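Every read-out reported here was derived from the displayed coordinates using simple, explicitly stated rules and does not represent laboratory data. Please read these numbers as outputs of a predicted model, since none were measured by experiment. In this analysis, Cβ positions are derived from the backbone assuming ideal geometry, glycine residues included, and neighbour counts consider all displayed protein chains.
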Amino acid sequence: MRRAGRPTKKEEKEIKSKIWNLLSQGFEVPYIVAQTGYDKDTVYKYKKEFNDEFYSNQTTDRSEIPQRMSNYYDTLIGKAQSICKRLEKDADRYTENQQQVPRYIYTELRGTLIDMANIGAKKWALLNSNPDEDTE
């Protein structure tokens with residue numbers, strides 16, 4: 001029997017998977033808390049596990065992080081392009097019927113572009129920081 005308020009093993013596995021997925025995409029704790037609704041302590045617990053697991057499988061080579069970010073960035077570019085194509089295709093129909101394009105399409109595009117900007121900024125910061133280099 002489980003304690004009140006504590007997730008089951010299956011729920012715990014889903015929570016861990018969701019948090020690890022967001023962490024692997026380069027998102028930080030405040031964003032993950034806002035997106036998932038999990039409490040900060042839970043997210044930090046899984047972030048520690050993620051970092052331990054991720055960095056234990058690597059030496060000082062951090063090349064995999066920018067590659068993962070590049071893959072995710074490419075996914076976001078494809079998503080933005082498909083939204084734009086949908087807007088172009090539907091624009092004539094909405095114009096003919098004198099209707100506005102549904103707001104959710106713009107919201108979806110805006111969210112995708114913001115995600116792209118965040119990933120791009122994080123990738124840029126990672127590529128331009130060298131933890132092994134001594135700065136004067």
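Translational D (Stokes-Einstein, µm²/s) of the range 9-56 at 25 °C and 0.890 mPa s when Rh comes from the Kirkwood sum over C-alpha pairs? Working shown, then result.
Details: Rh = 10.6 Å.
Rounded, D is 232 µm²/s.
For the pairs LYS10/LYS48; LYS13/LYS85; LYS10/LYS40, note any where the Cα-Cα span goes beyond 26 Å.
Details: LYS10/LYS48 20 Å; LYS13/LYS85 37 Å; LYS10/LYS40 20 Å.
Beyond 26 Å between Cα atoms: LYS13/LYS85.
Taking a spot 7 Å from the Cα of LYS9 along the direction of its beta carbon, which residues of the range 27-46 have an amide N less than 12 Å from it?
The answer is none, because no backbone nitrogen lies closer than 12 Å to the label point.
Using θ = phi - 60° and the Karplus form 6.51 cos²θ - 1.76 cosθ + 1.60, what ³J(HN,Hα) does each residue of the range 106-120 get, whole Hz, x for Gly and Pro?
Result, ordered by residue: 5, 5, 4, 5, 4, x, 5, 5, 5, 4, 4, 5, 5, 5, x Hz.
Going Cα to Cα from LYS89, which lysines come in below 28 Å? Please leave out same-chain ones fewer than 8 positions away.
Answer for LYS89, where 28 Å is the Cα cut-off: LYS79, listed by chain and number.
Starting from 0.36 nm per residue, how many nanometres of slack lie between ARG86 and ILE105 once their C-alpha separation is accounted for?
Details: separation 19, 0.36 × 19 = 6.84 nm, distance 0.88 nm.
Using 0.36 nm per residue and subtracting the Cα-Cα distance, I get 6.0 nm.
Apply the Karplus parameterisation 6.51 cos²θ - 1.76 cosθ + 1.60, with θ equal to phi minus 60°, to every residue of the range 39-44 and state each ³J(HN,Hα) to the nearest whole Hz, in sequence, with x for glycine and proline.
Couplings: 6, 4, 4, 5, 5, 5 Hz.
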